[in-house]
Ligand SMILES: Cc1ncc(COP(=O)(O)O)c(C=O)c1O
């Protein structure tokens, strides 16, 4: 049995609910590559599950299994007014019989954020608005005291257990490399929000014996996610793996790119818009401007201005790309709490 197979066998001892369609496909972005003069590949986590893909699915498979084992009834989480994480938690939570409550904070109102807010209301999420991200922890604590058999899911689902989902994702990639579905990349580009995606990938790639760095493109202000936070998370996942009987992985390899965040979380930057347009024109693929377009902007920037190389790079698409409009009720905006209704009414 190969090292990878042994790892997977041990890892599978950890309960996971079947939410996703694995492995997510990989494919070469021919036209984009030609435009940028480099071989570029994509990992389609945007199609990780139906009806809602994206990076939350891998985390939720583990978190919801844990919530069930603990006999929880309510998933209590936190995010922006238009959070992908809240929507994904509500969709897959509902499927497994959970109610979802979410403490939500204002964020810039992009098209994707607006759609998510309406979808959260349509899904019956109990939305608890707070004034800013700074006041969210206190509101969360108050909600936790009142909730019925709650299971707390922190920002972005990036607990050590949720992060393990991206350790498995890296092993999935390794399997695809062994099957010659793609060449070994020189770097893996991914957005950096709460950190679980990048931390899990970095650890998983090390576990799989792959040396390529994860390029973590920060989309939040630096105090919210940085190398100290990533290192702590990686350390806690290592501890969890040891607890599960997993062999300790080797050195992680990641870099944080901090020049794409712009004025702050959710702000639509020109570079992100241009990167989204470029991918749409060349490959017909859609990116949203809070996460995935910023990661793509960092990739295009690195290829245009970084050191010359002929080695391929991998873009890990983390944002849902299935259409969710049909899941939104006609009266969704009326179901939103008043601060969110005013936010929706603001000019963009
Ligand atoms: C679409 C998308 N991409 C990337 C991320 C960032 O992942 P992480 O929070 O694990 O750093 C998020 C987090 O909310 C997201 O919604």
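The values are calculated or read from the model by the stated rules, or taken from the named source; none is laboratory data. It should be emphasised that the depicted structure is a prediction, and the values quoted were computed from it without experimental measurement. FYI the Cβ positions are ideal-geometry reconstructions off the backbone, even for glycines, and counts take in every protein chain you see.
Scanning for something touching a helix residue (DSSP H, G or I) at 6+ places or on another chain (Cβ under 7 Å) and outside any helix (DSSP H, G or I), does region 290-310 turn up at least one residue?
Yes; the residues of region 290-310 include at least one that is touching a helix residue (DSSP H, G or I) at 6+ places or on another chain (Cβ under 7 Å) and outside any helix (DSSP H, G or I).
Of the residues in region 260-285, how many are in contact with a helix residue (DSSP H, G or I) (Cβ under 9 Å, 6 or more places away or on another chain) and either modelled with pLDDT under 95 or surrounded by 13 or more Cβ atoms within 10 Å (Cβ to Cβ) (or both)?
18
Can you name every residue in region 187-243 that is within 17 Å of the chain's Cα centre (by Cα) and either more than 16 Å from the ligand (Cβ to nearest atom) or part of a loop (DSSP other than H, G, I, E, B) (or both)?
Those that are within 17 Å of the chain's Cα centre (by Cα) and either more than 16 Å from the ligand (Cβ to nearest atom) or part of a loop (DSSP other than H, G, I, E, B) (or both): 193, 194, 195, 219, 220, 221, 225, 226.
Give the residues of region 33-59 that are surrounded by fewer than 22 Cβ atoms within 10 Å (Cβ to Cβ), assigned to a helix (DSSP H, G or I) and within 14 Å of the ligand (Cβ to nearest atom), sorted by residue number.
47
Within region 152-186, which residues are closer than 15 Å to residue 233 by Cα and part of a helix (DSSP H, G or I)?
155, 156, 157, 160, 161, 162, 163, 164, 165, 166, 167
Among the residues of region 244-274, what is the count of those that are under 19 Å from residue 190 (Cβ atoms), in a helix (DSSP H, G or I) and away from the ligand (no atom under 15 Å from the Cβ)?
Final tally of qualifying residues: 1.
For region 62-91, what are the residues that are within 14 Å of the ligand (Cβ to nearest atom) and within 22 Å of residue 160 (Cβ to Cβ)?
Of everything in region 62-91, those that are within 14 Å of the ligand (Cβ to nearest atom) and within 22 Å of residue 160 (Cβ to Cβ) turn out to be 62, 63, 77, 78, 79, 83, 84, 85, 86, 88, 89.
Just to be sure I understand, how many residues within region 77-112 are in contact with a strand residue (DSSP E or B) (Cβ under 6 Å, 6 or more places away or on another chain), touching a residue at least 60 places away in the same chain (Cβ under 8 Å) and surrounded by fewer than 23 Cβ atoms within 10 Å (Cβ to Cβ)?
Residues that pass the stated criteria total 1.
Can you name the condition, by its number, that residue 339 falls short on among (1) within 26 Å of residue 90 (Cα to Cα); (2) exposed (fewer than 13 other Cβ atoms within 10 Å of the Cβ)?
(2)
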